[in-house]
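Chemist: Please see the structure below; I have some questions.
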Amino acid sequence: MNAPSDTIAQYNFAYLDEQTKRMIRRAILKAIAIPGYQVPFASREMPMPYGWGTGGVQVTASIIGPDDVLKVIDQGADDTTNAVSIRAFFQKVAHVAVTTHTADATIVQTRHRIPEEPLKEGQVLVYQVPIPEPLRFLEPRETETRKMHALEEYGLMHVKLYEDIAQHGHIATTFAYPVKVEGRYVMDPSPTPKFDNPKMHMSRALQLFGAGREKRIYAVPPHTRVESLDFEDHPFEVQRFDEPCALCGGMDVYLDEVILDDQGGRMFVCSDTDHCEERRDAGHRGHLAGEDGPPSSISEGGTQ
Amino acid sequence: MAFDSIAIEGGFKNPVFDAQSMFRAVMQALAEPGTVHRGIALTRPPAPLTPEAAGVALTLCDQDTPVWLDPALRAEEAVGTWLAFHTGAPLANTPADAHFIFVADAENLIGLENFAQGTQEYPDRSATLVLQVKSLTGGAELVLEGPGIESRARLSPHPMPRHFARQWAQNRARFPRGIDIVLVSREGLAALPRTTRIVNQEGEPCM
Ligand SMILES: [Zn+2]
């Protein structure tokens, strides 16, 4: 969708000025060359609050071109306010094509999820990161966490995970579960559920992380080892769901709980709405899916 | 005056879009070491700076990034003038001060350890080498492993700096410090980030 030509002149292409893009692009290249290391950058004010993922938006703005096809998700869904606003922003300032189909996107910007469908060679997954420093809750001082990364001093992180085991009998951390990248840097996958951690490992896509408020960019190149921290006697395990998606019958996918009524009725459905729809289009049905498709409260996707 | 017109001509035709597509080529090249990226936006710089190397300069360099030119590029005053006009990048006093290194005579390049390696705490404060080569094929084969490479990649650029495999192993050993290389030729561009290992056919590191 193209904006009227008289409005185009009011914006730099993709909003950021060229000098800012160059600075962010240089940071991205360093991030790729040092997988998992957090590169400082001079984050800019964006026309949206920090909570909306300005770091991811700045990364996307610096890489996107007129030939790209952009998908934006929030909690796995393309139709939440945050995802809709960011998608509309890039349609307006970069005139790019957008899609909800993972397979059709060249750039996927996300806040919480990695799409269920495996990403392909050449695709770029951009994460909006609130807190990039995995050691921050152990050590509030930036000078100290930087030193810990420099010296590969990750013992405290293991102690913290082990405290989980002592307290709960298993590692209770389920979101922002720390990973080690290519055997070197401990990295925060951000607010993604640990369910998605295995998808980062040896992904075919390039993964870029932008933290606006904290002014950090980091990256995982394709075909790169991403290992969730664990212990020999307590190996890393992803969450398991007891039932399949109520709409598409999908197993081994991340499910969200949806409240159906005030009598306590509820169902579990795919968090990845595009994945769920594609499965239903292919004829898969869950136990609550009527012949006419899903209840109207569940989103509809499709290329716009 | 002819000198001035040489300096102000020859930049990108569409600066915003050309820089964006050039950046994506460099980004993908670094993300997938050994792959060759063609169809990059061209410039018309004064020789011996090549259009491809100049394209990288226009995409990534500005007043915040001191550049160092090797003696072959420095010998042509027009090269420095052109780069200064189109990028605003200052010339670095010493190789170690430069963020970007442009090299026209790879064979006679000074040792890689002379360039900024970054620090253990800030390994990103390191230099990127833009190496002009005659070709990305036909030279001694480099078998590559590391992040961004599914199993192995192969690249045969020439000419390359002397004792390159040994120098690169030393660069790799400094990780996370170290330099990154962008190779440019008429065939396109490829890159060697500091994570890439050069191995022999048995998969052992080359020294
Ligand atoms: Zn489903």
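Chemist: Which of A:103, A:88, A:282 ends up with the largest GNM mean-square fluctuation for chain A, with Cα atoms connected below 10 Å?
Modeler: Result: A:282 has the largest fluctuation of those listed.
Chemist: Roughly what % antiparallel, to the nearest 5, for the DSSP beta bridges in chain A?
Modeler: Working: 22 of 37 bridges.
Expressed as a percentage, antiparallel bridges in chain A total about 60.
Chemist: For residue A:68, what is the net charge nearby, where nearby means another residue's Cβ is under 13 Å from its Cβ and Lys, Arg count +1, Asp, Glu -1?
Modeler: Numbers: positive: A:71, A:87, B:24; negative: A:67, A:104.
Computed value for this residue: +1.
Chemist: Filter the chymotrypsin sites (Phe, Trp or Tyr not before Pro) in the stretch A:123-157 to those in DSSP coil with at most 15 other Cβ atoms within 10 Å of their Cβ, and list the result.
Modeler: A:137
Chemist: Summarise the partner chain shielding of A:19-30 as one whole number: the mean count of Cβ atoms from other chains within 10 Å of each residue's Cβ.
Modeler: Mean inter-chain Cβ contacts per residue within 10 Å come to 6.
Chemist: Give the residue list of GluC sites (Glu not before Pro) in the stretch A:156-251 that are DSSP loop and have at most 12 other beta-carbon atoms within 10 angstrom. Walk me through the intermediate numbers first.
Modeler: Details: sites: A:163, A:182, A:214, A:227, A:232, A:237; in loops: A:182, A:214, A:232, A:237.
Within the stretch A:156-251, the qualifying GluC sites (Glu not before Pro) (loop, at most 12 other Cβ atoms within 10 Å) are A:232, A:237.
Chemist: Now for a separate question. With a ≥ b ≥ c taken as the square roots of the eigenvalues of the C-alpha gyration tensor of the stretch B:139-207, please select rounded if a/c is under 1.5 and otherwise prolate if a/b is larger than b/c or oblate if it is not?
Modeler: rounded
Chemist: What does the convex hull of the Cα atoms of the stretch A:80-185 come to per residue, in Å³, rounded to a whole number? List each step's numbers first, then the result.
Modeler: Working: hull volume 18.1 nm³, N = 106.
Hull volume normalised by residue count: 171 Å³.
Chemist: Related question: Where only protein heavy atoms count, and the probe is 1.4 Å, what is the accessible area per residue for chain A in Å²?
Modeler: Numbers: 12700 Å² over 304 residues.
Dividing the accessible area of chain A by its residue count gives 42 Å².
Chemist: On to the next question. Once you've got the GNM for chain A with C-alpha springs shorter than 10 Å, pick whichever of A:241, A:90, A:268 has the biggest mean-square fluctuation.
Modeler: Comparing A:241, A:90, A:268 in a Gaussian network model of chain A, the most mobile one is A:241.
Chemist: Given R₀ = 60 Å, what would the calculated FRET efficiency be for residue B:113 paired with residue A:258, taking r from the Cβ atoms and rounding to 0.05?
Modeler: Working: r = 59 Å, r/R0 = 0.99.
The computed FRET efficiency comes out at 0.50.
Chemist: If you stretched the chain out fully between residue A:18 and residue A:163, how much longer would it get, using 0.36 nm times the residue separation minus the C-alpha to C-alpha distance? Intermediate results must be reported in sequence, preceding the final value.
Modeler: Numbers: separation 145, 0.36 × 145 = 52.20 nm, distance 4.74 nm.
This chain segment gains 47.5 nm when fully extended.
Chemist: What is the spin-label model distance, in nm, from residue A:237 to residue A:79 if the labels are put 7 Å beyond Cα along the C-beta direction?
Modeler: Distance between the two pseudo-spin positions: 3.6 nm.
Chemist: Which residue, B:28, B:63, B:132, has the most motion in a Gaussian network model of chain B that connects Cα atoms within less than 10 Å?
Modeler: Checking each option, the largest mean-square fluctuation is seen for B:63.
Chemist: A follow-up question, please. Need one number: buried accessible surface between chains A and B, 1.4 Å probe, both sides summed, DNA, RNA and ligands left out, in Å² to 100. Working shown, then result.
Modeler: Numbers: alone 14330 and 10220 Å², together 21280 Å².
Heavy-atom accessible area buried at this interface is about 3300 Å².
Chemist: Once every DSSP H run of n ≥ 4 in chain A is given -39500 (n - 2.57) and the sum is divided by its residues, what mean residue ellipticity at 222 nm do you get, rounded to the nearest 500 deg cm²/dmol?
Modeler: Numbers: 8 runs with 80 residues, N = 304.
That calculation yields -7500 deg cm²/dmol at 222 nm.
Chemist: I would also like to ask the following. Among bridges DSSP assigns within the stretch B:5-199, what percent are antiparallel (round to 5)? The partial results should precede the final answer.
Modeler: Working: 14 of 27 bridges.
The antiparallel fraction comes to roughly 50 percent.
Chemist: Any chance you could check the Cα centroid distance between the stretch A:225-285 and the stretch B:75-89 for me, in angstrom?
Modeler: Spelled out, the Cα-based centre of one part sits 57 Å from the other.
Chemist: Let me know the charge dipole size of the stretch B:5-199 about its Cα centre in debye, to the nearest 20, where only the beta-carbon of Lys, Arg (+1) and Asp, Glu (-1) is charged. Each step should come with its number before you reach the end.
Modeler: On the way: 17 positive and 20 negative charges, 100 e Å.
For the stretch B:5-199, the charge dipole is close to 480 debye.
Chemist: Ok, one more. Using the Karplus curve 6.51 cos²θ - 1.76 cosθ + 1.60 with θ = phi - 60°, work out ³J(HN,Hα) for each residue of the stretch A:199-213 in order, rounded to whole Hz, and write x for Gly and Pro.
Modeler: These are the phi-based 3J(HN,Hα) values: 5, 6, 6, 6, 4, 7, 9, 7, 10, 10, 10, x, 10, x, 5 Hz.
Chemist: Put B:172, A:25, A:204 in order of accessible area, largest first, 1.4 Å probe: what do you get?
Modeler: On the way: B:172 65, A:25 5, A:204 90 Å².
Result, largest first: A:204, B:172, A:25.
Chemist: For a test of the definition: using alpha carbon positions, the gyration tensor, and the 1.5 limit on a/c, classify the stretch B:5-199 as rounded, prolate or oblate.
Modeler: It is prolate, given that a/c is not under 1.5 and a/b is the larger ratio.
Chemist: Spelling out what I want: for every residue of the stretch B:27-35, take phi, set θ = phi - 60°, compute 6.51 cos²θ - 1.76 cosθ + 1.60 (Karplus), and round to whole Hz; glycine and proline get x.
Modeler: Taking θ as phi minus 60°, the curve returns 4, 5, 5, 6, 6, 10, x, x, 7 Hz for the stretch B:27-35.
Chemist: Same structure, new question: I'd like to check one number: the per residue accessible area of the stretch B:5-199, probe 1.4 Å, reported in Å² as a whole number.
Modeler: Details: 7490 Å² over 195 residues.
Using a 1.4 Å probe on heavy atoms only, each residue of the stretch B:5-199 averages 38 Å².
Chemist: Another question, then. In peptide B:119-128, how many Cβ atoms from other protein chains are near each Cβ within 10 Å, on average?
Modeler: On the way: counts 1, 6, 7, 6, 8, 13, 3, 3, 0, 4.
If you average over the peptide's residues, the count of other-chain Cβ atoms is 5.
Chemist: Report the accessible area of residue A:138, computed with a 1.4 Å probe over the heavy atoms of all protein chains in place, in Å² rounded to the nearest 10.
Modeler: Roll a 1.4 Å probe over it and residue A:138 shows about 50 Å².
Chemist: Please list, or write none, the lysines whose alpha carbon is within less than 28 Å of the alpha carbon of residue A:21, excluding same-chain residues fewer than 8 places away.
Modeler: The qualifying lysines are A:30, A:71, A:92, A:120, A:215, B:13.
Chemist: What shape does chain A take by its C-alpha gyration tensor, where a ≥ b ≥ c are the square roots of the eigenvalues and a/c under 1.5 counts as rounded, a/b above b/c as prolate, and the rest as oblate? Please list the in-between numbers first.
Modeler: Details: a/c = 1.93, a/b = 1.04, b/c = 1.87.
Here chain A falls in the oblate category.
Chemist: For peptide B:30-37, how many partner chain Cβ atoms fall within 10 Å of a residue's Cβ, on average? Kindly include the intermediate steps, with their values, before the conclusion.
Modeler: Details: counts 9, 16, 8, 3, 0, 1, 0, 0.
Shielding by partners across B:30-37 averages 5.
Chemist: What trypsin sites (Lys or Arg not before Pro) does the stretch B:5-99 have in DSSP loop regions with at most 13 other beta carbons within 10 Å? Write out the running numbers ahead of the final one.
Modeler: Values: sites: B:13, B:24, B:38, B:74; in loops: B:13, B:38.
Here the sparse-neighbourhood loop sites are B:13, B:38.
Chemist: Place a +1 charge on the Cβ of each Lys and Arg in the protein assembly as shown and a -1 charge on the Cβ of each Asp and Glu, then give the dipole magnitude about the Cα centre in debye, rounded to the nearest 20.
Modeler: On the way: 48 positive and 68 negative charges, 318 e Å.
Using only the charged Cβ atoms, the result is roughly 1520 debye.
Chemist: Where the accessible area of the protein assembly as shown is counted over protein heavy atoms with a 1.4 Å probe, how much of it, in %, is carbon and sulfur?
Modeler: Working: 10890 of 21280 Å².
Within the protein assembly as shown, the accessible surface is 51 percent carbon and sulfur.
The values are calculated or read from the model by the stated rules, or taken from the named source; none is laboratory data. Predicted, not measured: the structure shown is a model, and the values here were computed from it. Positions of Cβ are backbone-derived with ideal geometry, glycine not excepted, and every protein chain shown enters the neighbour counts. Ligands, DNA and RNA are excluded from the accessible area calculation, which covers all protein heavy atoms including side chains. Shrake-Rupley method; radii C 1.70, N 1.55, O 1.52, S 1.80 Å.
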